[in-house]
1. Pop out the ³J(HN,Hα) list for the stretch 145-162 in order, Karplus 6.51 cos²θ - 1.76 cosθ + 1.60 with θ = phi - 60°, rounded to Hz; leave Gly and Pro as x.
2. Roughly how big is the chain's charge dipole about its Cα centre, with Cβ charges of +1 (Lys, Arg) and -1 (Asp, Glu), in debye to the nearest 20?
3. Starting from the coordinates of the alpha-carbon atoms of the stretch 140-247, obtain the Kirkwood hydrodynamic radius over all distinct pairs and give the value in Å to one decimal.
4. Can you check what the Kirkwood hydrodynamic radius comes to for the chain, Cα pairs only, in Å to one decimal?
5. Kindly provide the helix-only [θ] at 222 nm of the chain, computed as the sum of -39,500 (n - 2.57) over DSSP H runs of four or more divided by all residues, to the nearest 500 deg cm²/dmol?
6. Which whole-number percentage describes the relative contact order of the chain, with Cα contacts under 8 Å and a sequence gap of 6 or more?
7. Residue by residue through the stretch 201-206, which ³J(HN,Hα) values in whole Hz follow from phi under the Karplus form 6.51 cos²θ - 1.76 cosθ + 1.60 (θ = phi - 60°), with glycine and proline marked x?
8. With θ set to phi - 60° and the Karplus curve 6.51 cos²θ - 1.76 cosθ + 1.60, what are the ³J(HN,Hα) couplings of the stretch 103-120 in order, to the nearest whole Hz, using x for Gly and Pro?
Amino acid sequence: MSTHIPDVLLARLLTAQRVTAFTGAGISAESGVPTFRGNEGLWKKFKPEELANLSAFMKNPDLVWEWYQARRTIIGTVQPNDGHRALVEMEVLFPSCTVITQNVDNLHRRAGSRNIVELHGNIERNYCLSCGATYDGTDLPHTAGVPRCTRSGCTGLIRPDVVWFGEMLPEDEWEGAVRASATADVFFSIGTSAVVYPAASLPLTAKQQGAFLVEINTERTPLTPSADLFLQGVSGEVLPAIVHAVRERRTP
Ligand SMILES: [Zn+2]
C-alpha cells in the first residue's frame, strides 16, 4: 500500500456513481501472460499478425488452431493478480462499475468481475465459421488439429471467438464500451498503450463527457498528457491502494 492516492482522486471516487476501468496488456503481463511477440519457443518464427487473421486460418487452420491451443495452455497456468481482484472489489464499492478489456485471456472473469465488456473477444470461447454455433473450451470435440462443428449436418471449421487483425470489433461490445465510457464519473485507463484505435478513443470519450480520467501505467503513453491524473506503477499495486483508500475514507 505504498502508492499515494491523491485527494483529488479520492474526492471524485467518494461521490462517483459510475466507475469504468479500461484494461490492456499490462494487467495481463503482471500475471505472466506473454505478449506472443517475443521468444516463446516453438512459435517464435511467427508474428501474431501472421496467424491471427482469417486468411491465415483459411489457409492453414490447423496451424492457427494449434497456436491458440498453445496460448490457452499458457493462460491456463497463470492466475489473476491483485489488479484484477481490486477491480472485482470496485463492483462492491460503487453503484455501477464496468470493466472494458482489450485482453482475451479471461482473467477478469476468472478473478470474479461480472460486468465486463470484452472488446476483442475471449480465447476460451469459440464458434463455428459456417453456422455460428458457439463452443466453450470444455465442449470442443477432441481432435489433433482444428475441430469441426458437430451440430447436425454441419462440419464447419471452429475458430476462436477473438477479434483478428482486419476484423471489426463486435458491435454490441463496442456500443457497451462507448456507453460505459461516456457515462463514467471516473475512468481508469490501465496498462494499455492507448494507441490502437478505435479502442484508444474510449478514454478521450470519457473525458469529453466529463469523467475524471486516471491513467495507471508503468510508463507514460500518448494518453498521458490528456489524463487528469497519471499514477505510475503496476496495476497490482496501484489499484489495491485505491480500493484501500476509498474503504478507509468511507469507514466512519
Ligand atoms: Zn456449425
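1. For the stretch 145-162, the Karplus curve yields x, 5, x, 10, 4, 9, 5, 3, x, 9, 10, x, 6, 9, 10, x, 8, 10 Hz.
2. I would put it at about 160 debye.
3. The answer is 16.7 Å.
4. Roughly 19.2 Å, rounded to one decimal.
5. -10500 deg cm²/dmol
6. With pairs under 8 Å counted, the relative contact order is 26 percent.
7. For the stretch 201-206, the Karplus-derived couplings read 7, 4, x, 6, 4, 4 Hz, x marking Gly and Pro.
8. 8, 9, 7, 6, 5, 5, 5, 5, 5, x, 4, 10, 9, 10, 9, 9, 5, 10
The values are calculated or read from the model by the stated rules, or taken from the named source; none is laboratory data. Note that the structure is a prediction, hence the values are computed from the model and not measured. FYI the Cβ positions are ideal-geometry reconstructions off the backbone, even for glycines, and counts take in every protein chain you see. Heavy atoms of the whole protein, side chains included, go into the accessibility calculation; ligands, DNA and RNA do not. Shrake-Rupley method; radii C 1.70, N 1.55, O 1.52, S 1.80 Å.
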